[in-house]
Amino acid sequence: MRTLHSRVLLTAAVVVGVAMLAGCTSQGGQPQGETTPKPTRSASAKPTSTPQAVDVLFTIGANVRGKDGSTISIRMTVHKPVPYNEAAAKPLEATFIAQCGAGVGGTPITTASLQANGAILLPVSLASSTTGKPFVSAMQVAVGSANFAQSATGKGLAPVDSSQPCYGGYTWSSSGSATAIADFESGTPAPDTGLWRYGYYGFGITDGSSATIEACTVTLTPLATQSDVASVNGWNPDAAQSGKICGIGYTGE
């Protein structure tokens, strides 16, 4: 299995930290471009009331500060994975290979490698209540497992390691919308659609920043709870969130 830039994805007891200036309020606008529904379960702050698509596994929301002092609501929406051998995976596969194929750096992703290793591709979307406002400090973004590649595109998103952008994690520096794809592989041609439970997802503060995050809300839909995430270490949506992290997922044995 490949080893990613674990410092970006794993910090302390959780795997990610989140960025924003101290003193963020729990208020702020509804993230733009979001089509996810009313949450069913949350951690910490008051849940949002946006509509949930039927393929949503969970959402992660928070309030952060812009450099102008404004409060910005941000949200990550994670959708159910698509096995490589389903027709719905083809557009995801094409995008993923274009962003993480030969010449990009790291182990190149190909159609053959996805098939041989039983890949599932997990779509992720990011949204904000404003567009184009710089965050007071760039945030780390975690969207999967440190053992596999991820691709991400959108305004304000940048790879931590530009020499191998699919293998070092991403930072997010300004509000807007973005998309990502996380790869999980069983190691055999048979895909395992439960592997997404062994990823970590959320926002984290960048090294050396004094920024904080507020009103962290984690909402698991029935799709996630029916997948028995409760049996996987780190999937407790009621776990305390510090002012430096907002995320959920596998945190190790």
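At least 3 residues that are modelled with pLDDT of 85 or more and under 19 Å from the mean Cα position of the chain (by Cα) in each: list the helices (runs of 4 or more DSSP H) lying fully within the stretch 1-116 that qualify.
89-100
Restricting Thr193, Thr171 to those that are surrounded by fewer than 22 Cβ atoms within 10 Å (Cβ to Cβ), in a strand (DSSP E or B) and out of contact with any His (no Cβ under 8 Å at 6 or more places or on another chain) reduces the list to Thr171.
Considering Thr179, Thr188, Thr251, Thr206, the condition of being modelled with pLDDT of 95 or more, within 18 Å of the chain's Cα centre (by Cα) and not acidic (Asp, Glu) is satisfied by Thr179 alone.
If I ask for residues that are in contact with a Leu (Cβ under 7 Å, 6 or more places away or on another chain) and of a type in the set (Asp, Glu), which ones from the stretch 142-198 would you list? Correct list: Asp183 only. If you take the residues of the stretch 54-72 that are in contact (Cβ under 8 Å) with a residue 60 or more places away in the chain and among the hydroxyl-bearing types (Ser, Thr, Tyr), which of them is surrounded by the most Cβ atoms within 10 Å (Cβ to Cβ)? Ranking the qualifying residues of the stretch 54-72, first place goes to Thr59. The number of residues in the stretch 228-241 being more than 18 Å from the chain's Cα centre (by Cα) and assigned to a loop (DSSP other than H, G, I, E, B) comes to 3.
Of the residues examined, Leu122 is not one that is surrounded by 19 or more Cβ atoms within 10 Å (Cβ to Cβ), out of contact with any helix residue (DSSP H, G or I) (no Cβ under 9 Å at 6 or more places or on another chain) and touching a residue at least 12 places away in the same chain (Cβ under 8 Å). In this structure, Ala239 does not qualify as modelled with pLDDT of 95 or more and open to solvent by 30 Å² or more (accessible area, probe 1.4 Å). Which one is nearest to Arg197 (Cα to Cα), of the residues in the stretch 129-168 that are part of a loop (DSSP other than H, G, I, E, B) and either without any contact (Cβ under 8 Å) to a residue 60 or more places away in the chain or among the aromatic types (Phe, Trp, Tyr) (or both)? This residue is Phe148. Every test in (1) open to solvent by less than 60 Å² (accessible area, probe 1.4 Å); (2) part of a loop (DSSP other than H, G, I, E, B) is passed by Cys216 save one, and that test is (2).
The values are calculated or read from the model by the stated rules, or taken from the named source; none is laboratory data. These numbers were taken from a predicted model, which means no experiment stands behind them. Note that each Cβ is placed from the backbone with ideal geometry, even for glycine, and that neighbours are counted across all protein chains shown. Remember, those area values only see protein heavy atoms, side chains included, never the ligands or the DNA or RNA. Shrake-Rupley method; radii C 1.70, N 1.55, O 1.52, S 1.80 Å.
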